[in-house]
1. How many of the residues in the stretch 29-38 are buried (at least 19 other Cβ atoms within 10 Å of the Cβ) and either closer than 18 Å to residue 78 by Cβ or in contact with a helix residue (DSSP H, G or I) (Cβ under 6 Å, 6 or more places away or on another chain) (or both)?
2. Select from the stretch 97-111 the residues that are surrounded by fewer than 17 Cβ atoms within 10 Å (Cβ to Cβ) and under 22 Å from residue 55 (Cβ atoms) and list them in ascending order.
């Protein structure tokens, strides 16, 4: 299945007008795959370094679904989620959501979360000061 996602090349992922449970196809597939740790890990590793942002975000979604289903350490999946904090905003936001649902398992990544929040705060301050200068 990982090959299916990566084989889409530069095309967009398929869109559907309605998806059960309010999740998109990637989120629903990740939930269905979560009970299968090896297959989920294969999907995550195939997508986590992809050039396309939506596929890197899919890696974080899949890792998050797997981490919610199995509460074992899975350090390699947590690392994928943490790496997402340094990615584009959609990937970073998904990483924040996974950490928020991770509870105590996310504790080892607290420093990286703090750095992300500091960077985001600095960027927001810059945007506010730039917008004030334009008025």
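The values are calculated or read from the model by the stated rules, or taken from the named source; none is laboratory data. Not measured: the values here are computed from a predicted model. For neighbour counting, all protein chains shown are included, and Cβ atoms are generated from backbone atoms with ideal geometry for every residue, glycine included.
1. 3
2. 97, 101
Rundown of residues vs (1) within 12 Å of the chain's Cα centre (by Cα); (2) modelled with pLDDT of 90 or more; (3) surrounded by fewer than 19 Cβ atoms within 10 Å (Cβ to Cβ); (4) closer than 18 Å to residue 111 by Cα, yes/no style:
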{"residue": "45", "(1), (2), (3), (4)": "no, yes, yes, no"}
{"residue": "50", "(1), (2), (3), (4)": "no, yes, yes, no"}
{"residue": "65", "(1), (2), (3), (4)": "yes, yes, no, no"}
{"residue": "71", "(1), (2), (3), (4)": "no, no, yes, no"}
{"residue": "80", "(1), (2), (3), (4)": "yes, yes, no, yes"}
{"residue": "86", "(1), (2), (3), (4)": "yes, yes, yes, yes"}
